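Just so you know, all these numbers are worked out from the coordinates, no wet-lab data involved. Everything numeric here is computed off the predicted structure, so don't read it as measured data. Note that each Cβ is placed from the backbone with ideal geometry, even for glycine, and that neighbours are counted across all protein chains shown.
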Amino acid sequence: MRPEQLDAALAELDAQGLRRCRRVLESPQGVRIRVDGEDVLSFSSNDYLGLANHPALIAAAQAALADAGLGAGAAHLLTGHHRLHHEAETALAEHVGLPAALLFSTGYMASLGVLPALLDRHAEVFEDRLNHASLVDAAVLSRATLTRYAHGHLDTLERQLAASTATTKLIASDTVFSMDGDLAPIAELLALAERYQAWLYLDDAHGFGVFGEQGQGALAEAGVTSEAARSTRLIYMATLGKAAGVAGAFVAGQPALIDWLVNRARTYVYTTAQPPLLAAAVRASLRCLRDEPWRRVHLRGLIAQLRAGVAGLPWTLLPSATPVQALVVGDNATALRLAEGLRQRGILIPAIRPPTVPVGSARLRISLSAAHTAEDVAALLDALCVLARE
């Protein structure tokens, strides 16, 4: 696109109801926030357990700031790999029941680092069509053949795997699909990976912290933690800026895999390490995940309350047992009007439109948090009922 075409292209986005604008947060993250000068009840954050402003995490970061300073100052392979990073990686691996782990600056960078480190143009990647954009971009960057299968259609995936002549095969999947909220069949995916000698890359961005008795994530929810710990096929990635309340991501798997990534994952090798204080906050977050199970119990109650309350509304709530509750309304204009109607009533929920979701499936993506109360969810349901009548 040439510079002179930008104004016309932006105008076209406006006409289609697809232009995005950033909101300015003027308060700490939470369920009651100040955005663009307005105080709102927010259902738009991925802070699923309400840990982003937890006093224990803040205290850990402050103590580490005094002890280790602010910036890491260098890449991990130079002098940027602090003791706090090392301790966090050990704690993360132990928490999810896998042998070793490696910190990355973001989940996007983790995927962009891992897949190209393992694949080349002779490889083939198999991806669910509803995978996050980072998994698609990582496959393209790897130069491997990218083969997609319809959402959740494992019979199609198995036929594709059986027909493939690639020297290396890799299955990549979200565990919780971020715009629908449903769960991938993890045990079945792992079985297919073993049967067809393929890697299995699981992106647990929206499952880590939420699932498992101690927030271990989707592997625990699927009951495959022990099997996964033994598998040489599994690559597990989770982000730390959602339920964990901090920032960054980690990849876990067998020690040889992690050692290879230390040497060959370009988004790890060629970037400055995260501030050590974030690693200290991650360890405090893991303690909260382990010691405060009430957060997950309360969250499950809110999910049930919301799902029961929208049963009579004219919009479709997609099946989900996760904090991601997708209320599909159809066209872009309707989604924007509904989001604006809620905003006028002091409730913030984003309208999700193409290309993030398929055309004709624009929706409100309701994100629940353990920091919400039953009264907060009731207020949202009351507002939706009023807007439905209007």
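Values for this structure:
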| read-out | value |
| --- | --- |
| Antiparallel bridges, percent of DSSP beta bridges restricted to the chain (to nearest 5) | 55 percent |
| Using θ = phi - 60° and Karplus 6.51 cos²θ - 1.76 cosθ + 1.60, couplings along the stretch 6-12 (whole Hz; Gly, Pro as x) | 5, 4, 5, 5, 5, 5, 5 |
| The stretch 99-106 - phi-based ³J(HN,Hα) in whole Hz, Karplus 6.51/-1.76/1.60, Gly and Pro as x | x, 8, 9, 9, 7, 10, 6, 8 |
| Ranked list, fewest to most other Cβ atoms within 10 Å of each Cβ, for VAL377, VAL359 | VAL359, VAL377 |
| The stretch 55-291: relative contact order in percent, alpha carbon pairs under 8 Å with at least 6 residues between | 31 percent |
| Ranked packing of 301-312, 174-185, 205-216, 53-64, most packed first, by mean Cβ within 10 Å | 205-216, 174-185, 53-64, 301-312 |
| 3J(HN,Hα) from dihedral phi, the stretch 13-25, Karplus parametrisation 6.51/-1.76/1.60, rounded to Hz, x for glycine, proline | 4, 4, 5, 8, x, 10, 7, 9, 9, 7, 9, 9, 7 |
| Interchain or long-range residues, amide H under 5 Å from TRP199's placed H | LYS169, LEU170, ILE171 |
| Chain lengthening between ALA187 and ARG32 when straightened (0.36 nm per residue, less Cα-Cα) | 52.0 nm |
| Charge sum, other residues only, whose C-beta stays under 11 Å from ALA9's C-beta, Lys/Arg counted +1 and Asp/Glu -1 | -2 |
| Amide H contacts under 5 Å for PHE104, placed H, 5+ residues apart | ALA249, PHE250, VAL251 |
| Around GLU124: net Lys/Arg minus Asp/Glu count, Cβ-Cβ under 12 Å | +2 |
| Summed residue charge, Cβ within 12 Å of ARG23's Cβ, Lys/Arg positive, Asp/Glu negative | +1 |
| The stretch 299-390: relative contact order in percent, alpha carbon pairs under 8 Å with at least 6 residues between | 34 percent |
| Added length on full extension, which subtracts the Cα-Cα distance from 0.36 nm per residue, GLN5 to ALA388 | 133.9 nm |
| Sparse-neighbour loop sites [chymotrypsin sites (Phe, Trp or Tyr not before Pro); the stretch 253-341; at most 15 other C-beta within 10 Å; DSSP] | TYR270 |
